[in-house]
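Worksheet for the structure shown next.
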4 protein chains.
Amino acid sequence: MASSFGRLFRITTWGESHGGGVGVVVDGCPPRLALTEADIQPELDRRRPGQSAIVSPRKESDTVEILSGTFEGKTLGTPICLLVRNQDARPEAYSEMATKFRPSHADYTYTAKYGLRNWQGGGRSSARETIGRVAAGAIAKKLLREHFGVEILAYVQQTGKIKAVADPETVKPREIESNIVRCPDIAAAQRMIRLIEKARQAGDSVGGIVTGVARGVPPGWGEPVFDKLTADLAKAMMSLPASRGFEIGSGFASILMTGIEHNDAFRAKRGKVFTPTNRSGGIQGGISNGATLYFRTAFKPVATVMVEQDTVDVALRNTTLKGRGRHDPCVLPRAVPMVEAMTALVLIDHALRHRAQCGSEVL
Amino acid sequence: MASSFGRLFRITTWGESHGGGVGVVVDGCPPRLALTEADIQPELDRRRPGQSAIVSPRKESDTVEILSGTFEGKTLGTPICLLVRNQDARPEAYSEMATKFRPSHADYTYTAKYGLRNWQGGGRSSARETIGRVAAGAIAKKLLREHFGVEILAYVQQTGKIKAVADPETVKPREIESNIVRCPDIAAAQRMIRLIEKARQAGDSVGGIVTGVARGVPPGWGEPVFDKLTADLAKAMMSLPASRGFEIGSGFASILMTGIEHNDAFRAKRGKVFTPTNRSGGIQGGISNGATLYFRTAFKPVATVMVEQDTVDVALRNTTLKGRGRHDPCVLPRAVPMVEAMTALVLIDHALRHRAQCGSEVL
Amino acid sequence: MASSFGRLFRITTWGESHGGGVGVVVDGCPPRLALTEADIQPELDRRRPGQSAIVSPRKESDTVEILSGTFEGKTLGTPICLLVRNQDARPEAYSEMATKFRPSHADYTYTAKYGLRNWQGGGRSSARETIGRVAAGAIAKKLLREHFGVEILAYVQQTGKIKAVADPETVKPREIESNIVRCPDIAAAQRMIRLIEKARQAGDSVGGIVTGVARGVPPGWGEPVFDKLTADLAKAMMSLPASRGFEIGSGFASILMTGIEHNDAFRAKRGKVFTPTNRSGGIQGGISNGATLYFRTAFKPVATVMVEQDTVDVALRNTTLKGRGRHDPCVLPRAVPMVEAMTALVLIDHALRHRAQCGSEVL
Amino acid sequence: MASSFGRLFRITTWGESHGGGVGVVVDGCPPRLALTEADIQPELDRRRPGQSAIVSPRKESDTVEILSGTFEGKTLGTPICLLVRNQDARPEAYSEMATKFRPSHADYTYTAKYGLRNWQGGGRSSARETIGRVAAGAIAKKLLREHFGVEILAYVQQTGKIKAVADPETVKPREIESNIVRCPDIAAAQRMIRLIEKARQAGDSVGGIVTGVARGVPPGWGEPVFDKLTADLAKAMMSLPASRGFEIGSGFASILMTGIEHNDAFRAKRGKVFTPTNRSGGIQGGISNGATLYFRTAFKPVATVMVEQDTVDVALRNTTLKGRGRHDPCVLPRAVPMVEAMTALVLIDHALRHRAQCGSEVL
């Protein structure tokens, strides 16, 4: 098990989808940040099931309680423990899963690894685990915004074959939040919603791409050679449930260009360096260069589908299984706050790491 | 700086392209593995410049010396330090870079971060740093092969628009090594070589995709929720110089399928579970499922091109710079052993981590 | 903040003495260990205030709730979160501490470090934080006992000038628990209790020494050169509140012997190596040698005393302060389960680390 | 194996006493520190054998080479690799040790753990490993002195029964270096030297205590609850070869005082807080309070003695062994630079960690 992420702003998530609750411990948060539940709850509300017609109807208020680490509304510099109780658990919906492995879920691999699993829902592999990430990410976002001038956002770039047109440099949070699929291209959003509804009615599911953006990151964040910003963002995204691919800047499309076409020239203006193009996605040699960071994460179509599928039972006999339970026909609308949270967690960690080694006080 | 990778089989690389040398310390290698320089040198030979007409002509024998950690030809369980001296350094070729930032290189970001840089070559951001990775990876590959029955390989999947046809399940190492571009599809390989030669003649460069493969990985490796095998492989690949994207199994293409189409059904045969399809790429819920692991890494076209480009000097004045020095028109042939090394390093680390928590002796 | 301990069996504690509660996340526990609250509560009962006439009268049941990580009474291999709510908090008793620093407490240093502190009790520096350690330690003790045959215990060796006579090889848990001071030498225990009661009546406090013991540790645990068993035990003990010194085996007294006198000769009997003397305390070169581990930790007299003392207020003016609140006149009886817990946490971590690198399956 | 120490200023040592050499990689050193071999060599000269009549006569110049991490005499912020070649290795002196375990050495435990060992000298458990620590410590000391105003020193406090009188607040480096035993109390030093010479002539050895001191540490360094400054110093000292005990401030003697007697009152003067007494040793609640840090480490008498001793051979038969080879009759004079190095490594790491979380730029 590896339930911690980050080196200096370090989170440890815990909890299964069915059990006492889920949560996170945040260790290393700078002291004296104003922080109450009201700073965290809105992000959880963006993540929670039941928020719209195109996500899982599981009824969870996902109300967060700060158990430690603050005093009189400010962070103490001590570990912050955040707790969300599980409410609408319906283990009976999963009784068949006690003995059968759901295809393309983690049921089989958890059993192979640990010799047992909590079969009431996804257990630890449920997307419910991301509550801890999103709660911790809310703190990271606040720190980045208020103390480093960094703005984090994410949006749905593509669902199935439907692509949005959006510019990472200018897209606004309210555009993203203007519709339930969280796509700033309103026309595309409407088509995406119809696609998702159609998939739900068919008992099927669809995947897509979320674009993550960070604006205002100063030059110098990122720790070569292994903790390059690209590497840590890739790890963060590929640790999210259902993610299948990651690309930064020009990404996979870069291979269709030559070096001469692809390079970002440098220019200077009033003592500031910038690149008129940004194929690097704001990162060069693993270190931020002052341009906007943008990257894409692919999420596969949700594995839970309401049709009969071939599978195997725990006695290793061939059988079939039909999906049940309350699931999302498309993970993307709820993945948006997850991508933002993980982006914020990577960046605040690197902000502190950069300050530790290269802070101006010392040298 | 973050020069270490791995939790239990932990490597620390060091060294600049111009300086005393480059190398690696491997900490946590199991004891009693037969190991001499002869186990490591062949992998370095696959990585070194000057090996063929389509890579950099820098003359480096890259001869490795084991400084510690072995005794009478066996590993002691103590840290293994491996040293490669730099030989054919030509800092004079870089004199113009002392005052100008090469576009899409790390010159500017290193200066922004650290306030200085070794401008004689890429310094720490040079691909020469990967010598330590490849040397350590040779040890990891040997451990995986001899003691876990795991085979690691990688090959060039695409260069520019030229795509190879190859099956991760069956491709053979000698097919990959049969040509200088390291592509098992011979017809495609010939076209790729011509493309790279053409780029070199034009002072230009091309990018492409390397596929990484691991066969024989048992079910159960990978540590949710943050150190999923997918997440650690993504980080490993995205920490390599020039990498721009990563995808596992069906990857970005998964979004064009629905859940019903995409799921890998389970089947059992003689007490073993398998999936007739392998869109998961051998990993489900971040844990290996016993199928072949395969993934793709996109490498951008090399940033060093022999034409005049706009850039900025250290006094932040606009200027131009034309590439010089001995560079690769395409990083892919030499990236193949790097991808293999990083894959092996991820897997051996997870093999040991899995044994620590879930080893059969305890429970 | 550094709220985590251990590399593979890793705990993260959180919580202040006054606030929502205290607890711990245990990550890396092997799966399939039978575990319910009944395995943990007895150790918390040995640690809790109000358990006897010679400890703090604060009324806390310290009832533990397992929030995650178990299913049907067994560990899942996923993170185990344990929660204990605070009950009998009386912040009003601390109102004077809002503006004055208690001498030899952490009030001043926390304020100097973080710029603020929870002045309602010791906040994070309160011994209440050790609830998480003791709860996690209960799991570690169970694993060591049931799966590695290792027995952990600790006892009060000295209080003020009163020394106990006890043999680490043979002392029994029920002897330790036979009296409220937790000293297996009954005559000494009676005198210690009188000394502590006298100190309490005088508004004063006393310190002493706790001996920690581990029997049945096999040869080979411990990770040179930095994570020697001696080094990690020292760190563990010196991280406990009020600890001032640590010694292993012959400890400080070793300097009064010469090498010829001090060495532990080796002898073999029926294929087993042993040392007739055990001045090494069971550890040589940082690795267990199969003999009983024993070491001593010195705890200073408790800093809270009920007399007027010179101090400084938050405006940095000289003033005086008289202790209030419910405190222990001697930390030792409650330190015994803390020492056991930290010993168990060090040993289970090293058991897993040893298995990872040197486990018999591989080489 | 655990060859790394420190979180942000992280060192990794490697090398056996007989083999290609020994060394260290320092990762995380701030950039732009002036650094050449001349900054490091003097500390190695204080540590090396052959420096005086009372230490091992092994002839090693211990000449250090900087392999990476500097450019034009300044640190780059990249990993610094330091190499010292072994010269005067005489494996033939150890041939008997190939089959017999030296009492109270690590021969038996290394074999039990790893299944083999480098029997030519102590291998990895040799004090030669500390070359890497002392070399890295020289960099840490320079950083602390030049950029944080912190002075580190250590001296021999006691040898056998001979105690020195010295005040941590005022002792000067040149007083310590004025004699070959490194004791600032000249009269005591003369007696210590005679004691050590007598032990050597008898083929015997003696132990003692080294006091470590850090002056000028600002309030606020140290990371509760596990990485308290006390805990990390204890671990650092107890990771040194032959160390058996550690105490901070009043240490074990604190248990002979009551709380009223032991507390350090606070006083304020011109806006600065101080404690007229310093029984806390400069650390309260694990965090520095601005007073001088001082602590003591006990080193046992060296295990190599030139008399016949009972032991066991690798076939587990009882036998005897007489010490050979070139060893120290007393480790203390050479332990002084080791204690200084480890103290500096702990403090620079905490300086950077404190800056990361609590640096003034953010909040």
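The values are calculated or read from the model by the stated rules, or taken from the named source; none is laboratory data. All of these numbers come straight from a predicted model, not from anything done at the bench. Ideal geometry is used to build each Cβ from the backbone, glycine not excepted, and the neighbour counts take in all protein chains shown.
Values computed for the structure shown
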| read-out | value |
| --- | --- |
| Scope segment B:2-18; condition crowded, with 24+ Cβ neighbours inside 10 Å and at positive phi; matching residues | B:G15 |
| Selection status of D:K235, touching a Gly at 6+ places or on another chain (Cβ under 6 Å), modelled with pLDDT of 95 or more, charged (D, E, K, R) and under 30 Å from D:F5 (Cβ atoms) | no |
| Test: residue in segment C:341-350 that is in contact (Cβ under 8 Å) with a residue 24 or more places away in the chain and surrounded by fewer than 24 Cβ atoms within 10 Å (Cβ to Cβ) | no |
| Test for D:L195: is it within 17 Å of D:D349 (Cβ to Cβ) and in contact with a strand residue (DSSP E or B) (Cβ under 8 Å, 6 or more places away or on another chain) | no |
| Output for segment D:19-29, where each listed residue is surrounded by fewer than 24 Cβ atoms within 10 Å (Cβ to Cβ) and more than 21 Å from the chain's Cα centre (by Cα) | D:G20 |
| 3 or more residues touching a Ser or Thr at 6+ places or on another chain (Cβ under 9 Å): qualifying strands (runs of 3 or more DSSP E) within segment A:206-318 | A:208-215, A:243-248, A:293-299, A:308-312 |
| Selected residue (criterion: nearest to D:S125 (Cα to Cα)) from residues of segment D:1-37 that are acidic (D, E) and away from chain C (no Cβ under 12 Å) | D:D27 |
| In segment A:177-190, the residues that are surrounded by fewer than 19 Cβ atoms within 10 Å (Cβ to Cβ) and either at positive phi or of a type outside the set (S, T, Y) (or both) | A:E177, A:I180, A:I186, A:A187, A:Q190 |
| From the options C:I40, C:I54, residue that is hydrophobic (A, V, I, L, M, F, W, C), in a loop (DSSP other than H, G, I, E, B) and away from every other protein chain (no Cβ under 13 Å) | C:I54 |
| Check on D:A127, of a type in the set (G, A, S), within 26 Å of B:K74 (Cα to Cα) and over 23 Å from the mean Cα position of the chain (by Cα) | no |
| Matching residues, segment D:1-22, being closer than 12 Å to B:G69 by Cα, of a type in the set (G, A, S) and part of a strand (DSSP E or B) | D:G15 |
| Residue that is farthest from the chain's Cα centre (by Cα), among those in segment D:71-115 that are of a type in the set (A, V, I, L, M, F, W, C) and farther than 30 Å from B:S3 by Cβ | D:A98 |
| Index of the failed condition, B:F71 passing every other in (1) surrounded by fewer than 22 Cβ atoms within 10 Å (Cβ to Cβ); (2) more than 7 Å from every other protein chain (Cβ to nearest Cβ); (3) at pLDDT 95 or above | (2) |
| Hits in segment C:209-254 - residues which are within 7 Å of another protein chain (Cβ to nearest Cβ) and aromatic (F, W, Y) | C:F226, C:F246, C:F252 |
| First in segment B:268-279 and at positive phi and of a type outside the set (D, E), second anywhere and part of a strand (DSSP E or B) and exposed (fewer than 11 other Cβ atoms within 10 Å of the Cβ), Cβ under 8 Å, 6 or more apart | none |
| Unique match (being more than 7 Å from every other protein chain (Cβ to nearest Cβ), surrounded by 20 or more Cβ atoms within 10 Å (Cβ to Cβ) and either among the small types (G, A, S) or more than 30 Å from D:E177 (Cα to Cα) (or both)) among D:A298, D:A303, D:A291 | D:A291 |
| Index of the failed condition, C:P103 passing every other in (1) more than 14 Å from chain D (Cβ to nearest Cβ); (2) in a loop (DSSP other than H, G, I, E, B); (3) touching a strand residue (DSSP E or B) at 6+ places or on another chain (Cβ under 7 Å); (4) of a type outside the set (S, T, N, Q) | (1) |
| Residue in segment C:108-118 that is nearest to C:T63 (Cα to Cα), counting only those that are buried (at least 24 other Cβ atoms within 10 Å of the Cβ) and at pLDDT below 95 | C:N118 |
| Qualifying residue in segment C:159-176 (condition: more than 30 Å from D:L229 (Cα to Cα), buried (at least 19 other Cβ atoms within 10 Å of the Cβ), touching a Lys or Arg at 6+ places or on another chain (Cβ under 9 Å) and away from chain D (no Cβ under 12 Å)) | yes |
| Matching residues, segment B:57-68, being within 14 Å of chain D (Cβ to nearest Cβ) and either under 28 Å from B:P333 (Cβ atoms) or β-branched (V, I, T) (or both) | B:T63, B:V64, B:E65, B:I66 |
| Subset of segment B:270-285 (residues that are more than 7 Å from chain A (Cβ to nearest Cβ) and at pLDDT 95 or above) | B:F274, B:T275, B:P276, B:T277, B:N278, B:R279, B:G281, B:G282, B:I283 |
| Residue under evaluation B:V206, criteria (1) in contact with a Cys (Cβ under 9 Å, 6 or more places away or on another chain); (2) surrounded by 23 or more Cβ atoms within 10 Å (Cβ to Cβ); (3) more than 7 Å from chain A (Cβ to nearest Cβ), criterion not met | (3) |
| Residue within segment A:255-268 that is of a type in the set (V, I, T), closer than 18 Å to B:T297 by Cα and either touching a strand residue (DSSP E or B) at 6+ places or on another chain (Cβ under 9 Å) or more than 7 Å from chain B (Cβ to nearest Cβ) (or both) present | yes |
| Every residue from segment D:271-300 that is among the aromatic types (F, W, Y) and within 18 Å of D:G245 (Cα to Cα) | D:Y294, D:F295, D:F299 |
| Conditions (1) of a type in the set (A, V, I, L, M, F, W, C); (2) without any contact (Cβ under 8 Å) to a residue 24 or more places away in the chain; (3) more than 30 Å from C:T311 (Cα to Cα); number of the one not met by C:L116 | (3) |
| Residues within segment D:74-97 that are crowded, with 20+ Cβ neighbours inside 10 Å and more than 11 Å from every other protein chain (Cβ to nearest Cβ), tallied | 2 |
| Residue match in segment D:134-141 (condition: modelled with pLDDT under 95 and either in a loop (DSSP other than H, G, I, E, B) or not polar (S, T, N, Q) (or both)) | no |
| Complete set of residues in segment C:145-192 that are in a loop (DSSP other than H, G, I, E, B), under 13 Å from C:E340 (Cβ atoms) and among the charged types (D, E, K, R) | C:E177, C:R182 |
| Verdict on D:L143 being touching a strand residue (DSSP E or B) at 6+ places or on another chain (Cβ under 8 Å) and either more than 30 Å from C:R279 (Cα to Cα) or within 14 Å of chain C (Cβ to nearest Cβ) (or both) | no |
